[in-house]
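> Dropping a structure here in structure tokens format, bear with me for questions.
Please treat every number below as a calculation from the coordinates, not as lab data. Note that the structure is a prediction, hence the values are computed from the model and not measured. When we count neighbours, we look across all protein chains shown, and the Cβ atoms used for this are built from the backbone with ideal geometry, even at glycine.
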Amino acid sequence: MVNRYVNTSFFNNNLLIYQNEIEDRGLSFIRQYKTVKFKELTIAQKASIFPRERRWQYGDRLDKISARAYGDSQYWWVIARYNRKPTDAHFERGDIILIPHPLQLMLSYYTE
């Protein structure tokens, strides 16, 4: 399993605006991952990817699409990142979604 947070740093958040949530949980801070800045795929990397098109439909979710395309729902983030839309909420019915293949190659690009 490849973790999408590999090489991602985190920080301890104890900002005042979160103080109620922090106290309600009996914590002194909340650990959060820093926002990842994704690199663009190179021209050579793009040439090695063979995306399959699919139209976003009512009831679609990235994890369900990942499960059908890759046999595992945990790789939803590969599809999201490739399409530059970080969550299901960023897709609208009728959008063309690209499902990149081969998965192992995409994972190697996204975790370098």
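> List the aspartates and glutamates whose Cα lies under 20 Å from the Cα of LYS85, skipping any in the same chain that are fewer than 8 positions away.
Excluding near neighbours in sequence, the set is GLU40, GLU53, ASP60, ASP63, ASP72, ASP95.
> What is the stretch 43-110's relative contact order, in percent, from Cα pairs under 8 angstrom and six or more apart in sequence? Walk me through the numbers on the way to the answer.
Values: 84 pairs, mean separation 29.3, N = 68.
With pairs under 8 Å counted, the relative contact order is 43 percent.
> Cβ under 11 Å from LYS85's Cβ, LYS85 left aside: what net charge do those residues give with Lys, Arg +1 and Asp, Glu -1?
Numbers: positive: ARG81, ARG84; negative: ASP88, GLU92, ASP95.
Residues close to LYS85 contribute a combined charge of -1.
> About its Cα centre, how strong a charge dipole does the stretch 43-110 have in debye, to the nearest 20, once Lys and Arg get +1 and Asp and Glu get -1 at the Cβ?
Details: 11 positive and 7 negative charges, 24 e Å.
It works out to roughly 120 debye.
> Follow-up. What does the helix-only formula give at 222 nm for the chain: each DSSP H stretch with n ≥ 4 adding -39500 (n - 2.57), the total divided by the residues, and the result rounded to the nearest 500 deg cm²/dmol?
-8000 deg cm²/dmol
> With a bin width of 10 angstrom, please list the P(r) values of the chain as percents of all Cα-Cα pairs, from the 0 bin to the one holding the largest distance.
All Cα pairs considered, the percentages come to 12, 37, 28, 17, 6, 0.
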